[in-house]
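Structure first, commentary second.
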Amino acid sequence: MNFHILTLFPQMVEQGLNTSIIGRAQEKGILSVETINIRDFTMDKHKKVDDYPYGGGAGMLMQAQPVYDAYLHVVEKIKTRQRPRVIYVTPQGKTFKQEMAKEFALEQDLVFLCGHYEGIDERVLEEIVTDYVSIGDYVLTGGELAAMVMIDSISRMVPGVLSNKESGETESFSDNLLEHPHYTRPEVWRGKEVPQVLLSGHHKRIEEWRKEQSLERTRIRRPDLYEKYLSNK
Ligand code: ADE
């Protein structure tokens with residue numbers, strides 16, 4: 001899986017994604033993360049990439065030309081017959097969910113477009129964007145953090161990225177249930193004991209206990225997911 005990120009702040013994305021699990025997956029050659037600095041494609045002699053909005057109003061907009069040329073650079077590099085999916089990260093998009101992460105993980109190449117200032121000239125969005133995606137109902141100063149969140153979540157669904165093959169599936173949100181609680185040594189910490197059943201070695205009872213905990217936790221913390229679980233059962 002190859003991620004191509006169109007951004008005005010490449011270092012921000014690179015630093016965030018070159019460590020830990022995503023960094024290791026890049027070293028193993030399972031993933032690649034390439035940043036494309038939109039500013040490198042401006043034709044303005046002062047390297048300007050933004051301008052005032054027609055019709056007036058607050059703030060500046062990213063201009064169409066540098067964004068489009070940065071996109072063409074990626075397309076040229078990928079050289080696939082099909083146009084790659086281009087995700088514009090924006091609070092106006094569809095809310096990102098685990099199922100989307102799984103779906104995007106099936107792509108060979110994914111392009112992320114990160115906006116800044118008040119946004120991007122609508123005409124280039126119409127020309128290149130295939131998916132408008134938000135990470136939640138709040139506004140960030142730019143798209144980079146949102147793109148990083150999505151890339152992290154998509155990456156862990158790519159086979160081979162997580163060392164334990166099952167761990168991508170058995171965690172929170174599979175089946176619309178949250179995970180059961182976890183405990184490790186010591187057996188007693190600040191007077192709190194690990195639930196006895198986990199020390200019993202009785203695998204069937206442990207599984208039953210975990211399932212109960214998972215149901216109860218979902219019912220209390222995420223009643224919306226619990227309803228979904230019940231209706232899909
Ligand atoms: N850019 C600014 N806010 C955002 C959000 N909530 N999701 C995705 N991209 C954004």
Pairs with Cβ under 6 Å, 6+ apart, first in segment 111-138 and free of Cβ contacts under 8 Å to residues at least 24 places away in the same chain, second open to solvent by less than 10 Å² (accessible area, probe 1.4 Å) and assigned to a strand (DSSP E or B): none
Cβ-Cβ below 8 Å, separation at least six or inter-chain, first residue in segment 86-102 and more than 8 Å from the ligand (Cβ to nearest atom), second of a type in the set (Asp, Glu): which pairs? Val86/Asp131; Ile87/Asp131; Tyr88/Asp131; Lys94/Asp131; Thr95/Asp137
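Hey, can you tell me all the residues within segment 38-64 that are of a type in the set (Phe, Trp, Tyr) and over 16 Å from Thr7 (Cα atoms)? If you could, list the steps in order and put the result at the bottom.
So in segment 38-64, the residues of a type in the set (Phe, Trp, Tyr) come out as 41, 52, 54.
If the condition is that a residue be of a type in the set (Phe, Trp, Tyr) and over 16 Å from Thr7 (Cα atoms), then Tyr52, Tyr54 are the ones that fit.
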Every residue from segment 104-150 that is among the aliphatic types (A, V, I, L, M), farther than 18 Å from Ile36 by Cα, open to solvent by less than 70 Å² (accessible area, probe 1.4 Å) and assigned to a loop (DSSP other than H, G, I, E, B): Ala105, Ile135, Leu140
Which one of Thr42, Thr80, Thr95 is of a type in the set (Ser, Thr, Tyr) and in contact with a strand residue (DSSP E or B) (Cβ under 6 Å, 6 or more places away or on another chain)? Thr95
Collect the residues in segment 56-73 that are more than 16 Å from Val111 (Cβ to Cβ) and part of a strand (DSSP E or B), keeping them in residue-number order. Leu61
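The values are calculated or read from the model by the stated rules, or taken from the named source; none is laboratory data. Keep in mind that this is a model prediction, so the values were computed, not measured. Note: ideal-geometry Cβ built from the backbone for every residue, glycine included; neighbour counts use all protein chains shown. Side chains included, ligands, DNA and RNA excluded: accessible areas come from the protein's heavy atoms. Shrake-Rupley method; radii C 1.70, N 1.55, O 1.52, S 1.80 Å.
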